[in-house]
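The values are calculated or read from the model by the stated rules, or taken from the named source; none is laboratory data. Remember, predicted model here, so these are calculated numbers, not experimental data. FYI the Cβ positions are ideal-geometry reconstructions off the backbone, even for glycines, and counts take in every protein chain you see. Remember, those area values only see protein heavy atoms, side chains included, never the ligands or the DNA or RNA. Shrake-Rupley method; radii C 1.70, N 1.55, O 1.52, S 1.80 Å.
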Amino acid sequence: MKTILDSIKTIAVSVDALIQEGDLGYSTQHNATGDTQLKMDVAADHVIEEALSALAHVRAIISEEKEDVLILDPQAPYTICYDPLDGSSIVDANFTVGAIFGIYEGEPSGASLITAAYVLFGRHIEMVSVERGNPPVRKRFVHGRWHPMDQAFMLNDKGKHNAPGGTQQYWPAYHKAFIDSLFAEGYRLRYSGGMVPDLHHLLVKGGGIFSYPATTDVPNGKLRQLFEVLPFALIFEAAGGQAIDHHGQRLLELAPKHHHDTTPCFFGSNYEINALKKAYGIAE
Ligand code: F6P
C-alpha cells in the first residue's frame, strides 16, 4: 500500500505541472458521460495510467475518464479507481481542483475500499489519505518535498458551513427546506463547485455539510460512487463524521452494479447529518 500511496505523491506533482502549463483547450475525446474532455483531463489521465500501470499488485485500474476497466494483472489483489481531474469545469476560472483515488481489494464496492486518497491542486499541492481503521493523514508539498501536517482532521459534532450541490430548481422541496433551515440557523455558504476543495474545506474547518441530492435532472445524483463518493466516505468516517445516501444508508455499504454508477450523497459532521435524516424522514 505504501508503494501505491508513494506513487500517488509522484503523480500529484506531475499533474500539478500539467495544470500549471494551463492548456485549457478541448480534446477530440469524450468521457463515459459523453462530456468533451479537456486536453488537461486526457493528459492527467494518461500520467496516472502510466504511473499506476508500473506498480506491482494492481489487478486493474478504472478511470472516471475512461469507459472501460484496464486489467493489468488478473492475479493481483488491488483495483485502483480514480478521478484524474475532479472539477475540470472550474479549472478555467483558476479555481482549486483535485484528484481522487480509491484502492479496493477485490471487486470494487464500499466494503472492499481499503485505502482512499485525494490530492488538492491549490496554492500548495496537498494530499490526504486514509487507510481503513486509521485516522486521515495530511501532507503538503513545499520546496520540492512532502511534509506531514500536524493538523489532524477530526470533525467536531457540529460545523458552520453548508455546501449544497446541484441545481436548486431541480431539488426536491424537502431538500430545499432542509438547506434553508441550515441557513436560518446561521450556517454560511461555502461552495466552489469542486468536490475536492469543497469537502477539504469542511474537513479543515472541523465540520458542516456537503450535499448532492437526488434531483429531477439527475435522480441518481451526479457524483460517481467508485471515483468520488466512496473515497470521501472513508475519509469522512475516519474523521469522525458521517457519509450517507438519501435513504440514510452508509455510503460505505453501497456496491455499484457498474463502475460509472452515481449516487445522491451527503457528507458531514454528526449534527448536520442527523438533522438531514430528520428532514428526509429517514432518522432511525
Ligand atoms: O464531479 C463533478 C463535479 O464537478 C464535482 O467536483 C462537484 O462537486 C460537482 O460536480 C458540482 O456539481 P454542481 O455544479 O451540479 O453543483
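Observations, loosely collected:
- Of all complete DSSP H helices in the chain, those with a Cα span along the helix axis of 20 Å or greater and a mean Kyte-Doolittle hydropathy of 0.0 or more are 2-21, 39-53.
- For GluC sites (Glu not before Pro), no site in segment 126-192 is both called loop by DSSP and has at most 10 other Cβ atoms within 10 Å.
- Peptides ranked, highest mean first, by Cβ atoms within 10 Å: ranges 91-99, 135-143: 91-99, 135-143
- Using a Förster distance of 25 Å, the FRET efficiency for residue 68-residue 204 (Cβ separation, nearest 0.05): 0.10
- Over segment 26-84, Cα pairs under 8 Å with separation of 6+ residues give a relative contact order of 30 percent.
- Listed residue pairs exceeding 25 Å between alpha carbons, taken from 2/205; 2/257; 205/257; 176/222: 2/205; 2/257; 205/257
- Mean accessible surface per residue for segment 100-178, computed with a 1.4 Å probe while every protein chain stays in place, in Å²: 49 Å²
- Reciprocal of mean inverse Cα separation for the chain (Kirkwood radius, Å): 18.9 Å
- Using a cutoff of 8 angstrom between alpha carbon atoms and counting only pairs six or more residues apart, the relative contact order for segment 161-279 works out to 29 percent.
- Reachable lysines from residue 9, criterion Cα separation under 17 angstrom, eight or more residues apart if same chain: 139
- Heavy atoms of residue 33 accessible to a 1.4 Å probe, total area in Å² rounded to 10: 80 Å²
- Each residue was assigned an accessible area with a 1.4 Å probe, and for residue 149 the value is about 50 Å².
- Within a Gaussian network of the chain (alpha carbon springs, distance under 10 Å), most fluctuating of 198, 41, 150: 150
- Under-5 Å amide H pairs with residue 86, H placed in peptide plane, nonlocal only: 98, 99, 100
- Over the chain: helical MRE at 222 nm, DSSP H runs n ≥ 4 each giving -39500 (n - 2.57), nearest 500: -8500 deg cm²/dmol
- Carbon plus sulfur fraction of accessible area for the chain, probe 1.4 Å, in percent: 50 percent
- Relative contact order (%) - the chain, alpha-carbon pairs under 8 angstrom, separation at least six: 15 percent
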